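Undergrad: Once you've had a glance at the structure underneath, I'll fire off some questions.
Only the coordinates and a few stated rules stand behind these numbers; no lab work does. Since we're looking at a predicted model, the values are computed, not measured. Reconstructed Cβ throughout: ideal geometry from the backbone, glycine too, with neighbour counts over all protein chains shown.
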């Protein structure tokens, strides 16, 4: 007799199937496929996700460096020509602007000198402007004066002046109002040009020695208070050259402040009264200077009869030359660009820049602006 459970077990669908689990012709048994699939799913869920491998810091730095170098070479190659033009234009504009500002500030001529280069030397652009040598304000405190380490001697009686305090020369002492020794001073190099200025208020009509510099430069008034000036030039080596004589025609007025100015710009020496030109003479050579020269204002032999205020001296000097790139060639007409005392161009001009096969031409417009 058969046990009842045995029959149910045989008839149950969960019972193991008869025959093998794998057959070359039928493949895997469906039950085996189910177990294999379940095993793979469980294994995949149990494993943690793998982190993807990234770049190291060194690798990133190396790549960035290479990219930077390649970009720099490419941009430099493509824009070098344009940069050379822009840099050259910037230098020219800076020097022209500096010269024009100096001319309007001092009411005196200035210039820009262009020295074209070649295969051996670069092009140089230099502004010639006025640099202060000294300024003496006639105040009691000598620290207010601008005289770089000079042993200045100041006499006279202080009185209210045009710009603060003035000085009245002592007519009986026969001493100069202001004496500035220049021996050994590099500031008193006036060979490239100069400008001297003084403010006066006169009380009487008489001959007066307003300024004397050594034996080569003199500014004086005659008995009618008409201004005169004299400049001795040199051909070098201490030799005396041509003498430039300037003679005004209009006398100064009594009891009124006047500004006298004497300026040399390597082409002419000019005398101004109250910013108005009264006399001019050709002077293409430097001023004759000696190591023992002294600057004397209101000399003791013929002192100024009245008040003296605000004495100043400037020297023309070249700024540091600016150098254009070696690839730039320049053609300028004229090569010396001059501004008058109002900051206007003395002559019109044209500047042409060439880089490689490309040439650009600019016109000097009003105020020295490149157009």
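Undergrad: For residue 175 and residue 105, what is the calculated FRET efficiency with R₀ set at 25 Å and r taken between the beta-carbons, to the nearest 0.05?
TA: Approximately 0.15, to the nearest 0.05.
Undergrad: Between residue 119 and residue 363, take the C-beta separation as r, use R0 = 30 Å, and let me know the FRET efficiency to the nearest 0.05.
TA: Calculated transfer efficiency: 0.60.
Undergrad: Most exposed first by the Cβ proxy, i.e. fewest other Cβ within 10 Å, how do 208, 138 rank?
TA: Ordered by Cβ neighbours within 10 Å, fewest first: 208, 138.
Undergrad: For the range 97-237, what is one quarter of the convex hull surface built on the Cα atoms, given in nm²?
TA: For the range 97-237, the mean projected area of the Cα convex hull comes to 12.3 nm².
Undergrad: Based on other C-beta atoms within 10 Å, arrange 333, 111 from fewest to most.
TA: Listing 333, 111 from fewest to most nearby Cβ atoms yields 333, 111.
Undergrad: Another one. Relative to the present Cα-Cα distance, how much length would full extension add between residue 250 and residue 267 at 0.36 nm per residue of separation?
TA: Contour length minus the Cα-Cα distance gives 3.7 nm.
Undergrad: Test of understanding: ordering 188, 85 by Cβ neighbours within 10 Å, fewest first, what list do you get?
TA: Least to most surrounded, the residues fall as 85, 188.
Undergrad: Tell me, in nm to one decimal, what length is gained between residue 274 and residue 207 on full extension, where the rule is 0.36 nm per residue of separation less the Cα-Cα distance?
TA: Computed gain between residue 274 and residue 207 is 22.1 nm.
Undergrad: Taking 0.36 nm per intervening residue step and subtracting the Cα-Cα distance, what contour gain separates residue 215 from residue 344 on full extension?
TA: Extending this stretch completely gives an extra 43.0 nm.
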